[in-house]
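Can you read through this structure? Questions will come right after.
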Amino acid sequence: GQQLNQSPQSMFIQEGEDVSMNCTSSSIFNTWLWYKQDPGEGPVLLIALYKAGELTSNGRLTAQFGITRKDSFLNISASIPSDVGIYFCAGPPGLTGGGNKLTFGTGTQLKVEL
Amino acid sequence: DGGITQSPKYLFRKEGQNVTLSCEQNLNHDAMYWYRQDPGQGLRLIYYSQIVNDFQKGDIAEGYSVSREKKESFPLTVTSAQKNPTAFYLCASSTGIQPQHFGDGTRLSIL
């Protein structure tokens, strides 16, 4: 199946630093979703994006839907220890909209040093 | 509280044995999904169901089976045909165009 490429694969940052990660696809998406997964738990939805160019915030998190519709970006400001986890981008392949089959990225593992 | 419940949290399988993972949701969602997650990798779709009594294969359905007899329940059976079943299994549900919500997973290991 189709893959979404996430980068970086992992990040080791200092507490208080800002974090940026991105997700790219070879095809167009109409919806971009960002999830966070803590160890041993299921992914939790952070932000959903539905329109090209859209910029949406959730607390210290900000995500953007790329204008080309083939990429998305997630930024975390002033990281704290509880930001540790794996961040996944996801989206429905094709033009079917959200809620049906999703393709997931390979994940960005974030580690925060105190 | 509404949510998705997966059980058991940990499961062990013997060679040649079928095991069934439970997934129940009380969100009144129409669609349900099963994913497999291997260490350091993303989620891969095993099976999904958009309505009761109907389901479709995902990207890695071989060695797995499902049923959808009730809207709330979507159990996954890992059969003996699945030669590498050790993984973290995640169930999700959704409705309409809303994003999927996930359970807390079942970790399956081989004895």
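Would you pick out the residues in the stretch A:1-14 that are in a strand (DSSP E or B) and either within 16 Å of B:GLY42 (Cβ to Cβ) or of a type in the set (Ser, Thr, Tyr) (or both)? Steps first, please.
In the first step, residues of the stretch A:1-14 are kept if they are in a strand (DSSP E or B); the result is A:4-7, A:10-14.
A:LEU4, A:ASN5, A:GLN6, A:SER7, A:SER10 - these are the residues of the stretch A:1-14 that are in a strand (DSSP E or B) and either within 16 Å of B:GLY42 (Cβ to Cβ) or of a type in the set (Ser, Thr, Tyr) (or both).
Of all residues in the stretch B:68-111, count the ones that are in a loop (DSSP other than H, G, I, E, B), over 19 Å from A:PRO43 (Cα atoms) and either in contact with a Cys (Cβ under 8 Å, 6 or more places away or on another chain) or open to solvent by less than 40 Å² (accessible area, probe 1.4 Å) (or both).
Here the count works out to 5.
Moving on to the next point. Is the stretch A:15-28 home to any residue that is free of Cβ contacts under 8 Å to residues at least 40 places away in the same chain, assigned to a strand (DSSP E or B), over 30 Å from B:LEU108 (Cβ atoms) and over 11 Å from the mean Cα position of the chain (by Cα)?
Step one: filter the stretch A:15-28 for residues free of Cβ contacts under 8 Å to residues at least 40 places away in the same chain, giving none.
No, the stretch A:15-28 has no match at all.
Something else about it: Out of the stretch B:68-111, which residues are more than 8 Å from chain A (Cβ to nearest Cβ), touching a strand residue (DSSP E or B) at 6+ places or on another chain (Cβ under 8 Å) and among the basic types (Lys, Arg)?
Residue satisfying the conditions is B:ARG68 alone.
Can you pull out the residues in the stretch B:51-73 that are under 20 Å from B:GLY105 (Cα atoms) and in contact with an Asp or Glu (Cβ under 8 Å, 6 or more places away or on another chain)?
B:ARG68, B:LYS71, B:GLU72, B:SER73
List the strands (runs of 3 or more DSSP E) that sit entirely inside the stretch A:41-84 and contain at least 3 residues that are under 14 Å from the mean Cα position of the chain (by Cα), within 14 Å of chain B (Cβ to nearest Cβ) and hydrophobic (A, V, I, L, M, F, W, C).
Numbers: elements: A:44-49, A:55-58, A:61-65, A:71-76.
Result: A:44-49.
Which fully enclosed strands (runs of 3 or more DSSP E) of the stretch B:1-67 have 3 or more residues being within 11 Å of another protein chain (Cβ to nearest Cβ) and open to solvent by less than 60 Å² (accessible area, probe 1.4 Å)? So that I can check it myself, show each step before the final result.
Values: elements: B:4-7, B:10-13, B:19-25, B:31-37, B:43-51, B:54-57, B:64-66.
Correct list: B:31-37, B:43-51.
Do you know which of the residues in the stretch A:3-30 that are open to solvent by 80 Å² or more (accessible area, probe 1.4 Å) and within 13 Å of chain B (Cβ to nearest Cβ) is nearest to A:ILE80 (Cα to Cα)?
A:GLN9
Also: Testing A:VAL44 on (1) at pLDDT 95 or above; (2) farther than 30 Å from B:LEU108 by Cα, one condition comes back false. Which one is that?
Condition not satisfied by A:VAL44: (2).
The values are calculated or read from the model by the stated rules, or taken from the named source; none is laboratory data. Just so we're clear, the structure is a prediction, and the values are computed from it rather than from any experiment. Glycine also receives a Cβ, built like all others from the backbone with ideal geometry; neighbour counts cover every protein chain displayed. Side chains included, ligands, DNA and RNA excluded: accessible areas come from the protein's heavy atoms. Shrake-Rupley method; radii C 1.70, N 1.55, O 1.52, S 1.80 Å.
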